[in-house]
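Since the structure comes first, as structure tokens, the remarks are kept for the end.
The values are calculated or read from the model by the stated rules, or taken from the named source; none is laboratory data. None of the values given here were measured: they were computed from a predicted structure. Reconstructed Cβ throughout: ideal geometry from the backbone, glycine too, with neighbour counts over all protein chains shown.
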Amino acid sequence: MRSWWIAALVLVAAGAAVVVRLVRGEPGEALVAALAGLLAVVLFSPLAFPRRPDRDRPVTVYYRPGCLYCLRLRAALGARAGRARWVDIWADPEAAAYVRSVNGGDETVPTVVVDGVPRTNPAPALVRGALR
């Protein structure tokens with residue numbers, strides 16, 4: 001099961017912000033809070049990362065939902081992100097163990113494997129080049 005708990009927490013916080021603004025009689029601000037909350041829910045959910053189960057992708061990206069560095073990489077890759085294999089380390093214990101093994105025991109993400117070589121938080125340009 002993919003990690004949704006951060007997105008659920010963001011949804012609750014955004015809902016509370018909307019309710020507070022509505023109670024105060026600020027419908028415009030409530031709408032802005034609702035839209036910002038929905039955007040945050042999508043960004044902090046597994047939906048922001050393409051799910052590619054096949055192992056024949058040229059690049060594998062190990063990530064965690066809600067990781068700002070992972071979101072930065074995802075945004076920088078744009079349409080090319082779908083060419084990579086994205087693995088949620090919170091949903092895959094073997095992936096988490098692999099990330100720890102290549103990062104000195106830490107679950108540092110994004111960890112990107114290009115041509116069999118793991119790189120921790122690489123420059124987006126390097127990953128884009130590998131996805132051409």
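Can you find a residue that is under 18 Å from T120 (Cβ atoms) and at pLDDT 90 or above anywhere in the stretch 53-60? Taking every residue of the stretch 53-60 in turn, at least one turns out to be under 18 Å from T120 (Cβ atoms) and at pLDDT 90 or above. Flag: V42 matches the condition of being part of a helix (DSSP H, G or I) and within 23 Å of A7 (Cα to Cα). The residues of the stretch 78-112 that are part of a strand (DSSP E or B) and either touching a Pro at 6+ places or on another chain (Cβ under 9 Å) or at pLDDT 95 or above (or both), listed by number, are R85, W86, D88, T111, V112. Number of residues in the stretch 113-132 that are within 12 Å of T60 (Cα to Cα), in a helix (DSSP H, G or I) and more than 18 Å from the chain's Cα centre (by Cα) equals 1.
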